[in-house]
Amino acid sequence: MAKIISGKELSARLKAEMAAQVAAFPEKYGRVPHLAVILVGDDPASVSYVTGKAKASVEVGIRNTTIRRPETITETELLELIAGLNADPEVDGILVQLPLPKHIDTDRVIAAIDRSKDVDGFHPLNVAALWQKQPCTLPCTPKGILRMLWAAGVELEGRQAVVVGRSNIVGLPVSKLLLDANATVTMAHSRTSDLGAVTRQADILVVAVGRSKFIKGDMVREGAVVIDVGVNRDPETGRLCGDVDFAVVEPKASVITPVPGGVGPMTICCLMENTIECFLNRHEADAALKK
Ligand code: GUN
């Protein structure tokens with residue numbers, strides 16, 4: 001029987017701590033942190049993620065403004081919206097929910113966000129800082145995964161970590177964080193030959209491929225720590241499921257994350273942390289200017 005890391009419980013604890021911290025901000029700083037979330041279109045998964053972010057903001061005491069725009073918004077209009085939020089001194093964090101419609105250049109939109117308000121950690125300067133081990137805003141999902149591994153007492157130093165998936169949002173940055181924690185990291189992906197032979201080497205297996213129940217029992221080493229980043233609809237039951245076939249992998253794993261209630265809540269929790277971090281950094285920068 002694997003130990004199941006509940007992202008739901010861990011995030012609830014961390015959010016309660018943040019709520020206590022934020023409660024002192026009005027007296028200390030005159031206001032609470034403010035997160036602006038832009039949602040383009042009405043993709044149901046994106047609507048659900050944005051709703052989750054608004055709900056978590058309320059729990060933590062962060063002000064949340066969700067700005068909805070139709071699928072037909074032009075890139076110029078979106079860039080103007082971001083410019084307005086960049087210039088607003090009372091906005092501390094800006095998040096543009098991805099994916100964006102095809103006619104919009106996602107890289108240009110991300111680069112347009114003021115780096116100091118980039119709560120996703122996706123801005124090119126934040127990405128560069130991560131890869132150079134400089135102070136930066138860490139992307140939420142990779143940060144949440146590391147928090148879960150720490151909370152479960154998983155030793156990373158010297159161990160074999162295999163990351164399946166190489167996205168900018170998860171695969172690449174989580175590989176870097178595992179490397180920084182002194183794991184030996186292998187990055188596998190859709191073109192990896194004999195993927196099972198690679199994943200079976202893993203002491204720690206992180207899967208972010210977006211394919212229902214993709215990792216089967218015979219792809220996992222006995223006693224492995226398994227982190228499932230996938231959020232998919234099971235084609236058979238219509239219920240949420242991960243990239244890992246939980247029923248057959250859980251008996252082999254020593255530690256595993258569930259879907260739902262695993263990595264997802266931790267991503268949102270780390271977004272709250274990042275919003276507070278951006279708020280505090282901006283206040284410090286302001287204070288330094290006034291000295
Ligand atoms: N879409 C899926 N995951 C994310 C995320 O972490 N941030 C943003 N902005 N969009 C996403």
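The values are calculated or read from the model by the stated rules, or taken from the named source; none is laboratory data. Worth saying up front: this structure is predicted, and the values here are computed from it rather than measured. Cβ sites come from the backbone with ideal geometry, for glycine too, and all protein chains shown count toward neighbours.
Listing for the model above:
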| read-out | value |
| --- | --- |
| Complete set of residues in the stretch 98-112 that are within 14 Å of the ligand (Cβ to nearest atom) and either at pLDDT below 95 or in a loop (DSSP other than H, G, I, E, B) (or both) | Leu98, Pro99, Leu100, Pro101, Ile104 |
| Listing of helices (runs of 4 or more DSSP H) fully contained in the stretch 146-260 that carry 2 or more residues being more than 17 Å from Ser6 (Cα to Cα) and either at pLDDT 95 or above or in contact with a Leu (Cβ under 8 Å, 6 or more places away or on another chain) (or both) | 171-180, 195-199 |
| Some residue of the stretch 132-139 being in contact with a strand residue (DSSP E or B) (Cβ under 9 Å, 6 or more places away or on another chain) and in a helix (DSSP H, G or I) | no |
| Among the candidates Cys140, Cys136, residue that is within 16 Å of the ligand (Cβ to nearest atom) and either of a type in the set (A, V, I, L, M) or crowded, with 19+ Cβ neighbours inside 10 Å (or both) | Cys140 |
| Any hit, the stretch 113-131, residues being more than 16 Å from the ligand (Cβ to nearest atom), outside any helix (DSSP H, G or I) and free of Cβ contacts under 8 Å to residues at least 24 places away in the same chain | no |
| Hey, Gly261 within 16 Å of the ligand (Cβ to nearest atom), among the small types (Gly, Ala, Ser) and closer than 27 Å to Ala12 by Cα or not | no |
| Residues of the stretch 207-228 satisfying the condition of being crowded, with 24+ Cβ neighbours inside 10 Å and in contact with a Pro (Cβ under 9 Å, 6 or more places away or on another chain) | Asp228 |
| Cβ pairs under 7 Å, 6+ apart, first in the stretch 273-291 and within 14 Å of Val22 (Cα to Cα), second hydrophobic (A, V, I, L, M, F, W, C) and not in a helix (DSSP H, G or I) | Asn274/Val119; Thr275/Leu35; Thr275/Ile62; Thr275/Val119; Cys278/Val119 |
| Number of positions in the stretch 42-73 that are more than 15 Å from the ligand (Cβ to nearest atom) and among the hydrophobic types (A, V, I, L, M, F, W, C) | 4 |
| Test result for Ile82, part of a helix (DSSP H, G or I), near the ligand (Cβ under 10 Å from one of its atoms) and more than 19 Å from Gly52 (Cα to Cα) | no |
| Residue ID - nearest to the ligand (Cβ to nearest atom), chosen from residues in the stretch 153-174 that are without any contact (Cβ under 8 Å) to a residue 24 or more places away in the chain and closer than 16 Å to Pro139 by Cα | Leu172 |
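Yes/no matrix, rows are residues, columns are (1) of a type outside the set (Phe, Trp, Tyr); (2) more than 18 Å from Cys140 (Cβ to Cβ); (3) surrounded by fewer than 16 Cβ atoms within 10 Å (Cβ to Cβ):
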{"position": "Ala2", "(1), (2), (3)": "yes, yes, no"}
{"position": "Leu10", "(1), (2), (3)": "yes, no, no"}
{"position": "Ala20", "(1), (2), (3)": "yes, yes, yes"}
{"position": "Pro33", "(1), (2), (3)": "yes, no, no"}
{"position": "Val40", "(1), (2), (3)": "yes, yes, no"}
{"position": "Val50", "(1), (2), (3)": "yes, no, no"}
{"position": "Arg68", "(1), (2), (3)": "yes, yes, yes"}
{"position": "Leu85", "(1), (2), (3)": "yes, yes, no"}
{"position": "Pro99", "(1), (2), (3)": "yes, no, yes"}
